[in-house]
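Undergrad: Following this message is one structure expressed as structure tokens.
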Amino acid sequence: MDLPNSDISVDISQTRAPIRQLGDAVANRIAAGEVVERPAAAVKEMVENAIDAGATRIEVAYADGGKTLLRVTDDGFGIPEDQLFLAVSRHATSKIDGSDLLNIHTFGFRGEALPSLGAVGRLTIRSRSRDAEAAASIAVNGGVVEAVKPAALSHGTVVELRDLFHATPARLKFLRTDRSESSAIIDVIKRLAMAEPLIGFNLRDLTGGGEGRVVFQAPPQTGDLFDALHVRLAKVLGKDFAANALRIDAGNEGLAITGFTSLPTYSRGSSSAQYMFVNGRPVRDKVFVGAIRGAYSDFLHRYRYPALALFLECDPPLVDVNVHPAKSEVRFRDPGIARSLITSALRRALIEAGHRASTTLTDGALGAFRHEPKIGSAIYQMARRPEQPVYTSSQRGFTEAITLSARFEASAEQASEDQPLGTARAQVHENYVIAQTPDGIVIVDQHAAHERLIYERLKSQMATNNVAAQALLIPEIVELAADDHVRVLHAAADLVSFGLVIEDFGGSAVCVRETPALLGEVNAVALVNDIADELADLNQTQSVKDKLEAILSRVACFGSIRSGRMMRVEEMNALLREMEATPHSGQCNHGRPTYVELKLRDIEKLFGRR
């Protein structure tokens, strides 16, 4: 078939370049573009080589965000002089013999990245193996390898890279500011430090000359690996994380997962505090992300994220670590087994945590109290009996309306040690229950706590049978928006299992005939509208189980004790006892805390008694 403008012809043979073999220098620069995209990537390769070399202490120094200088010093077993040239040659390694590329027990292949670094910068390696009488060095400048020379070094290896990308100046334009590149380097070192708690790390910024400044330091840990990891995570992620972390230790079918994950009440607004490792290698993997979201879906709002550090160990043939040139991604032979192990391990830890809540809540509460007191601002009502709780006006500030029982101190020794949440003493602002424990007080958000309890009861009923329903004497007619009407009717069959029976009433209205018996008397109009909102918010990629639990969470809200309701003391104590017996009662359905505990020693400090 003739094409338009067919009189225009092109001689393809005149435009095609001949096929030719690229030189090693060009090939190394191309490889560097895949492996070394920024200074932090170069640091990662250099430090991983040091770890593979058996180092117990590693020092990293950089200047100008790593653009002008990167130096890694280690006390590993070093490189023999006669192997230095091979170390900077492509496809030369001491880590595998080439017979099985899946059976990899190291971070990478010795020398894999070094030729790439030497192709785009000025690379120098000084090393002295443990049985050598002297050290030697080799230099690579823009891909040109110089001769091996004698050097001064007591032991280990020093890899120095100067003027990164000087041989490919176009790449420099894509680097970010010095501060941004420095931040990326720090992040890489912290990730590697978490993976290797028995190795000491020291990171120094040499910008401006001199000895520079230490920006991160983590001494080598000893003893039990879990204890060592806990101390290292406290150094990297902070003491608050360590204080609110749950231990993870599980295994199944050639896979084992260890580490620490945070309580739901210690959560973040992004996933930046989530660190995942496979066979010691920091990775970003969809299997982890999905498993973590699934494990916490019942405890956190969809826009809150737990902080965690998880370490998955598996037989090397079960995972491919060479999916990505920078090895930041992996591929599992059976991702379903890995996902199931991670989810079950996290859920087990959360269940065992019981009603425990974050200690940072206590610190925040104490911080709110630490201010100059106003004379006469506190209201004390001491003459009531314990069974007669005192209620205060909801219009006054919490610090200006402290209600205490007359027998607070007298009954301190009488509290049963098997009641961690103590005995109810008062209710303030018609929403907060004050309970006395053997060594302090507990402040409970009655609505948030009861909401969680109702949710857990509904889930329990769902697990054994459908939620019991109660028929309405007069069916309720609910008018909905057209879209909501469609969504609610589409979910009607599933809602039956919740004890909610809804039928089409014509137009955009539905008829509510039955509601969950556990909720008692309920506003059916508000309930159906809330469920419609939840259905509209649900992500279409969520599993059926996640969707049902999200709707169930909304339903639970309607059966909970509302804020503003005055409770009798027996009701308050019943609430406390049920919280102690119910898993996950330390946080509401959205991950917010249900109570805050203040130790007596901390309260005494506020008043100068300690």
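Undergrad: Using Cα-Cα distances under 8 Å and only pairs 6 or more residues apart, what relative contact order does the stretch 447-588 have, in percent?
TA: Worked out over the stretch 447-588, it gives 35 percent.
Undergrad: When ranked by the protection proxy of mean other Cβ atoms within 10 Å per residue, highest first, what sequence do the peptides 166-175, 517-526, 125-134, 432-441 form?
TA: 432-441, 125-134, 517-526, 166-175
Undergrad: Okay, moving on. Among Met462, Met567, which comes first, second and so on when ranked by fewest other beta-carbon atoms within 10 Å?
TA: Ascending number of Cβ neighbours within 10 Å: Met462, Met567.
Undergrad: Okay, next question. Which ordering of Thr222, Thr594 is given by a fewest-first count of other beta-carbon atoms within 10 Å?
TA: The fewest-first ordering by Cβ neighbours comes to Thr222, Thr594.
Undergrad: Right, something else. Collect residues whose amide H, placed 1.01 Å from N in the peptide plane, falls under 5 Å from the amide H of Tyr275; neighbours closer than 5 in sequence don't count.
TA: HN-HN under 5 Å from Tyr275: Leu308, Ala309, Leu310.
Undergrad: If one computes the Cα centroid of the stretch 557-579 and of the stretch 491-527, what distance in Å separates the two points?
TA: 25
Undergrad: Per residue of the stretch 549-565, what does 6.51 cos²θ - 1.76 cosθ + 1.60 with θ = phi - 60° give for ³J(HN,Hα)? Whole Hz please, x for Gly and Pro, Karplus curve as stated.
TA: Each residue's phi maps through the Karplus curve to give 5, 5, 5, 4, 5, 5, 4, 4, 4, 6, x, 8, 5, 7, 4, x, 8 Hz.
Undergrad: Provide, as a two-decimal number, the C-alpha radius of gyration of the stretch 432-476 over 2.2 N^0.38 Å, N being how many residues it has.
TA: 1.78
Undergrad: Excluding residues on the same chain fewer than 8 positions from Lys149, give the aspartates and glutamates whose Cα lies under 16 Å from its Cα.
TA: Answer for Lys149, where 16 Å is the Cα cut-off: Glu81, Asp82, Glu133, Glu160, listed by chain and number.
Undergrad: What is the order of Cys314, Cys511, Cys588, fewest Cβ neighbours within 10 Å to most?
TA: Result, fewest neighbours first: Cys511, Cys314, Cys588.
Undergrad: Now, a different point. Can you give the Rg/Rh ratio of the stretch 225-352, where Rg is from the C-alpha atoms and Rh is the Kirkwood radius?
TA: Expressed as Rg/Rh, it is 0.94.
Every number here is computed from the coordinates shown, using simple stated rules; none is lab data. What you see is a predicted model; the values in this text were computed from it and never measured. We place every Cβ from the backbone using ideal geometry, glycine too, and count neighbours over all the protein chains shown.
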